[in-house]
Every structure is written in structure tokens, then in C-alpha cells.
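The values are calculated or read from the model by the stated rules, or taken from the named source; none is laboratory data. Everything numeric in this text was worked out from a predicted model, so none of it was measured. Every residue, glycine among them, receives a Cβ derived from its backbone with ideal geometry; neighbour counts consider all protein chains shown.
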């Protein structure tokens, strides 16, 4: 076997190994994406406390309303809106807070992380990015 043939085989093996490792790193987040039933149960299971304070505390009500509080999980809502889940995607529409960040309507999927934590991933368009990570207060 010549050097060129060996080089092509070696390069092919490196590429296969890289893709296998990369897909193993990326896929767990997607593999743990919650379905409609699990996402609804999580939303109604308690207040979501975002890991970054500016994303606040989210309370999803079974009537289809959402309350966002900033600074504390109790007290008046800073903003309210509506929400629904379709095809494993939670979409909400807010007023005040939504306008302040430029996204009155936002949609995301939720994936489980370690230690009873979750992350939201923007859904829609060509880009997938993390919105915020949170834990659920009971």
C-alpha cells in the first residue's frame, strides 16, 4: 500500500472518529428533549427559576396564562401572557417584558440537564441557541 492510500485511509478514520465524538457530544442534549406530555408536566409542576436573575421566575398556569416575576418568586407579576405547547415546542407571548427584549413571541424546546436542571433552546429560524437554564421550585 502506498503512502497516498495510507494517508487517505488515515484521514478517513480521523474524520469518522471526529464525527462520532462530535455527534456524541451534541446528541445528548437533543436526545433528552422533553415531549409534549413531559413538557406540560414540567410547566405545571412548579415555578421555573432561571439561573440568570434577568430571566426571573416563570409560572405556567393550566389555563394557558404565564406570569413572569423578577427578583422574587412571589408577589405581583412583572409581565403576563399566554402559552401553549405544540409538537414538543413551548411558545409564549408576553407584553411588557417581551417588548423590552424585542421578543413578544418566543418558542423553545426544553432539554433535561444534570442535577434536576433544564435548558431552553430557541426554536425557529436557522439558528438553535440556548435561551436560559432553570430549575423548578416546588
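Of everything listed in (1) at pLDDT 90 or above; (2) surrounded by fewer than 17 Cβ atoms within 10 Å (Cβ to Cβ), the single unmet condition for residue 50 is (2). Against the condition surrounded by 13 or more Cβ atoms within 10 Å (Cβ to Cβ), within 21 Å of residue 42 (Cα to Cα) and either more than 11 Å from the chain's Cα centre (by Cα) or modelled with pLDDT of 90 or more (or both), how does residue 116 come out, does it pass? Against the criterion (surrounded by 13 or more Cβ atoms within 10 Å (Cβ to Cβ), within 21 Å of residue 42 (Cα to Cα) and either more than 11 Å from the chain's Cα centre (by Cα) or modelled with pLDDT of 90 or more (or both)), residue 116 does not qualify.
In region 78-103, of all residues being assigned to a loop (DSSP other than H, G, I, E, B) and without any contact (Cβ under 8 Å) to a residue 12 or more places away in the chain, the one that is farthest from residue 136 (Cα to Cα) corresponds to 102. For region 122-138, a tally of residues being surrounded by fewer than 15 Cβ atoms within 10 Å (Cβ to Cβ) and at pLDDT 65 or above returns 4.
For region 65-77, a residue qualifies if it is more than 13 Å from residue 138 (Cα to Cα) and surrounded by fewer than 17 Cβ atoms within 10 Å (Cβ to Cβ), and the qualifying residues are 65, 70, 71, 72, 75, 76. For residue 62, indicate whether it is part of a loop (DSSP other than H, G, I, E, B) and either surrounded by 11 or more Cβ atoms within 10 Å (Cβ to Cβ) or in contact (Cβ under 8 Å) with a residue 12 or more places away in the chain (or both). It is true that residue 62 is part of a loop (DSSP other than H, G, I, E, B) and either surrounded by 11 or more Cβ atoms within 10 Å (Cβ to Cβ) or in contact (Cβ under 8 Å) with a residue 12 or more places away in the chain (or both).
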